[in-house]
Amino acid sequence: MVITLSDNEREATWRKEVRSFIDSEAPAALKAAGDEGGENSLFGRLGAIKEWREKVAAKGWIAPSWPKRFGGADMTVAEQFIMNEEFAESGVPGNLGGFGVMMIGPTIIEHGTEEQKEEHLTKILKGEVIWCQGYSEPGAGSDLASLQTRAVRDGDDYVINGQKIWTTGAQFADMMYMLVRTDPDAPKHRGITYLLVNMKAPGVTVRPLTMLSGAQGFNEVFFEDVRVPVKNRIGEENRGWYVGTTTLDFERSSIGSAIGVRKQLEAIIRQAKTGGEASFDRNPNVKREFADRWIEAEVAKMLSYRVVSMQVRGQIPNHEASMCKLFSSEMSQRIANLSMHLFGMHGNVRNRASNGYMQAVSSTIAGGTTEVQKGIIATRGLGLPRG
């Protein structure tokens with residue numbers, strides 16, 4: 001069998017269309033390499049992202065994997081991959097729909113009622129509602145099925161009590177899709193129900209968590225007698241685990257991460273060439289370290305190609321996707337180390353290098369810990385027995 005990394009004629013035409021759209025429509029503030037001042041200031045960039053989202057939405061590309069009858073683009077796996085790859089290469093935002101488009105939207109399409117589809121899908125596409133995910137709990141992170149947040153049926157409502165943690169963007173969210181335990185006596189993978197919760201409902205309390213870097217991306221969310229209408233349940237009661245783990249047709253190759261780390265390396269080169277606090281001349285070993293990281297970035301890209309090639313053939317990546325996640329997240333930490341080595345003692349000052357170093361700590365935890373990924377690779381990929 002001959003394996004090629006080049007596009008066929010149809011893919012090449014599609015790639016050219018995506019590139020042409022980016023070149024003509026992407027705001028300069030998103031494509032520019034600068035990071036401070038002018039149109040690249042925080043407010044300038046936020047305005048550019050809003051403008052870019054509107055243009056992508058007008059093109060019908062906000063929800064590439066959704067069926068057209070629900071407002072999506074109904075793209076093939078290859079088309080999604082090429083679009084994500086070109087967006088990442090150009091440095092423009094790709095996932096403009098957030099959790100709404102990527103997670104809860106496809107779940108509603110697959111398991112929701114017609115009323116739920118009518119109520120939520122259009123709002124998701126228009127960006128009118130911000131969603132967050134209520135899965136992890138203080139005692140149920142990697143072992144999600146051990147969650148204990150309770151929901152008790154009371155007439156036409158469920159009454160929720162409990163806590164979620166590491167909830168990304170909860171302080172900005174309008175709605176949460178969450179898993180709750182509705183039958184405490186059932187086996188842990190059963191007795192779980194999938195609910196949609198209004199974040200402004202009485203009894204919902206959000207507390208941002210300050211990370212090592214000072215950022216507040218994660219939150220803990222408390223529920224005290226929060227009432228949720230039964231109509232906000234997705235799927236059957238006590239069958240929420242199967243709703244929450246539905247294999248959805250969205251791009252999982254991590255091509256954005258693979259290209260993102262290479263972009264980080266390119267930024268390091270630009271920084272080193274300017275001299276000043278960061279320079280390859282400071283420590284010759286940094287050059288060898290940089291070469292290793294560059295090779296790893298190419299490996300990450302090949303792992304992504306492997307995943308998408310499986311999806312194109314109708315296969316479901318399992319341990320292969322875990323390999324992408326594990327390799328890319330650990331590599332991002334090594335690149336953060338490289339940046340600190342480049343700055344030397346200046347890296348101890350709160351600058352981009354030190355902030356990136358502190359933020360990289362969470363990369364091997366968020367989205368599935370390294371330990372979990374290794375377990376998947378060992379048992380499902382290598383066929384090793386469970387410990």
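Of note:
- Hits in the stretch 340-371 (condition: open to solvent by 50 Å² or more (accessible area, probe 1.4 Å), touching a residue at least 60 places away in the same chain (Cβ under 8 Å) and of a type in the set (A, V, I, L, M)): Val361
- Of all positions in the stretch 187-195, none carries a residue that is of a type in the set (Lys, Arg), open to solvent by 30 Å² or more (accessible area, probe 1.4 Å) and at pLDDT 95 or above.
- Look at the stretch 196-212: where a residue is farther than 30 Å from Val361 by Cα and assigned to a strand (DSSP E or B) and a partner is of a type in the set (Ser, Thr, Tyr) and open to solvent by less than 40 Å² (accessible area, probe 1.4 Å), sitting 6+ places away or on another chain with Cβ atoms under 9 Å, you get Leu196/Tyr177; Val197/Tyr177.
- Residues (assigned to a loop (DSSP other than H, G, I, E, B) and either touching a helix residue (DSSP H, G or I) at 6+ places or on another chain (Cβ under 7 Å) or closer than 30 Å to Tyr357 by Cα (or both)) located in the stretch 213-245: Ser213, Gly214, Ala215, Gln216, Gly217, Gly235
- Close contacts from the stretch 1-28, counting a first residue that is over 25 Å from Ala57 (Cβ atoms) and in a helix (DSSP H, G or I) and a second that is modelled with pLDDT of 85 or more and aromatic (Phe, Trp, Tyr), with Cβ to Cβ under 9 Å and a gap of 6+ residues or different chains, come to none at all.
- In the stretch 66-112, the residues that are without any contact (Cβ under 8 Å) to a residue 60 or more places away in the chain, closer than 19 Å to Asn232 by Cβ and β-branched (Val, Ile, Thr): Ile109
- Looking only at the stretch 307-316, and only at residues there that are in contact (Cβ under 8 Å) with a residue 40 or more places away in the chain and surrounded by fewer than 18 Cβ atoms within 10 Å (Cβ to Cβ), the one that is farthest from Thr245 (Cα to Cα): Val312
- Where helices (runs of 4 or more DSSP H) fall wholly inside the stretch 57-130, the ranges with 3 or more residues that are under 24 Å from Ala28 (Cα atoms) are 77-90.
Quick grid of which residues meet (1) more than 16 Å from the chain's Cα centre (by Cα); (2) surrounded by 15 or more Cβ atoms within 10 Å (Cβ to Cβ):
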site: Gly98; (1), (2): no, yes
site: Met102; (1), (2): no, yes
site: Gly105; (1), (2): no, yes
site: His111; (1), (2): yes, yes
site: Glu114; (1), (2): yes, no
site: Leu121; (1), (2): yes, yes
site: Leu125; (1), (2): yes, yes
site: Pro138; (1), (2): yes, no
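The values are calculated or read from the model by the stated rules, or taken from the named source; none is laboratory data. All of these numbers come straight from a predicted model, not from anything done at the bench. Counting neighbours? That spans all protein chains shown, and the Cβs are built from the backbone with ideal geometry, glycine included. All accessible areas refer to the heavy atoms of the entire protein, side chains included, with ligands and DNA or RNA removed. Shrake-Rupley method; radii C 1.70, N 1.55, O 1.52, S 1.80 Å.
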